[in-house]
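A.B. asks: Could you have a look at this structure, given as structure tokens, before my questions?
The values are calculated or read from the model by the stated rules, or taken from the named source; none is laboratory data. Computed from a predicted model, the values in this text were never measured in an experiment. Don't worry about glycine lacking a Cβ; one is built from the backbone with ideal geometry, like all the others, and counts go over all protein chains shown. What goes into the accessible areas is simple: the full protein's heavy atoms, side chains included, and nothing from ligands, DNA or RNA. Shrake-Rupley method; radii C 1.70, N 1.55, O 1.52, S 1.80 Å.
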Amino acid sequence: MLVVAADGDLLRDKNVEYAERMKAMGKDVELVVFAGEEHAFFGVKPMSAATGELVEVIRRFIAGAAA
């Protein structure tokens, strides 16, 4: 499972807590927190470096899951 959070998002702590609880249950979880970004940064700034990095994180995750 891939959990993505933005450091400046009001929901950040909930996302991190969710990932930690899933890990505690033995689930394979990858948590990625984007420092300095706000909620929905990828929609607000679709051409930003952070959005490009997010796309790459998702691409690697999917490629790894397919392997």
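A.B. asks: How much of the accessible area of the chain, in percent, comes from carbon and sulfur atoms when a 1.4 Å probe is used?
C.D. replies: C and S fraction of accessible area: 59 percent.
A.B. asks: Tell me what the chain gives for mean residue ellipticity at 222 nm when only DSSP H runs of n ≥ 4 count, each as -39,500 (n - 2.57), the sum divided by the residue total, rounded to 500 deg cm²/dmol.
C.D. replies: -16000 deg cm²/dmol
A.B. asks: Right, next: Computed over the Cα atoms, what is the radius of gyration of the chain divided by 2.2 N^0.38 Å, N being its residue count?
C.D. replies: In units of the globular-protein estimate, the chain measures up at 1.15.
A.B. asks: Here's a follow-up. Can you give the accessible area per residue of the chain, in Å², using a 1.4 Å probe?
C.D. replies: 70
A.B. asks: Long-range amide H contacts for F34: which residues qualify at under 5 Å (H placed 1.01 Å from N, peptide plane, sequence gap of 5 or more or a different chain)?
C.D. replies: A5, A6, D7
A.B. asks: Moving on. In the neighborhood of R59, defined by Cβ-to-Cβ distances under 15 Å, what is the net charge if each Lys or Arg adds +1 and each Asp or Glu adds -1?
C.D. replies: Counting the neighbours of R59, the net charge comes to -2.
A.B. asks: While we're looking at this one, here's another question. What does the charge add up to near D7, with Lys and Arg as +1, Asp and Glu as -1, over the other residues with Cβ less than 9 Å from its Cβ?
C.D. replies: In short, -2.
A.B. asks: Additional query: May I ask for the net charge around H39, where only other residues with Cβ less than 13 Å from the Cβ of H39 are counted and Lys, Arg are +1 while Asp, Glu are -1?
C.D. replies: -2
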